[in-house]
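The block underneath contains the structure these notes are about, expressed in structure tokens.
Every number in this text was worked out from the coordinates using simple rules, so none of it is lab data. Everything numeric in this text was worked out from a predicted model, so none of it was measured. Note that we place each Cβ from the backbone using ideal geometry, even for glycine, and neighbour counts take in every protein chain shown.
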């Protein structure tokens, strides 16, 4: 099955944006940039639940527009599932809108927290405990939604090659969670 969309999922500072651009070039396709980053750069990081819903809706609109272009697979740098995890991290709850949203990607790549956290002015959760909690919530959300996903770890080119292998396996119907794509 050739996926229509591949979503990069996971905590901040795990290389999603960097790898997203590289994957889009590899597949000669479009990349839907992380809407939350653009929003925070414009309005700041003192977010409310209403802000998170707007981020989720804005991101969903960008993904739908990219999918209408029919250049597949579309690479998506996070989506409303990740924004729901942000709500869990920030407020311990989420707006009901996140439970009704169901435009999930065909494949999710969960990015491991094995890269150093870098403060870029929009990131918030840099301690080891916060990063682990964020990762655990991210993984639980994928399992809760029962989407097809694989974890990707490693540094530099290894991370990229692991992502490609995870996409191949998931596209061929294999269970990516058990695939050895997280080796460093």
Label-point separation in nm, residue 103 to residue 157, each point 7 Å along Cα→Cβ: 3.8
Per-peptide average of other Cβ atoms within 10 Å, ordering 145-154, 10-19, 92-101 highest first: 10-19, 145-154, 92-101
Euclidean distance of C-alpha centroids, segment 85-112 and segment 14-58, integer Å: 13
At R0 = 41 Å, FRET efficiency that the Cβ-Cβ distance of residue 174 and residue 21 yields, to 0.05: 0.95
Sites residue 70 and residue 50, calculated FRET efficiency, Cβ-Cβ separation with R0 35 Å, nearest 0.05: 0.60
Simple label model, 7 Å out from Cα along Cβ direction - residue 114 to residue 93, nm: 3.8
Mean separation of Cα contacts under 8 Å (6+ apart) over length of the chain, as relative contact order %: 29
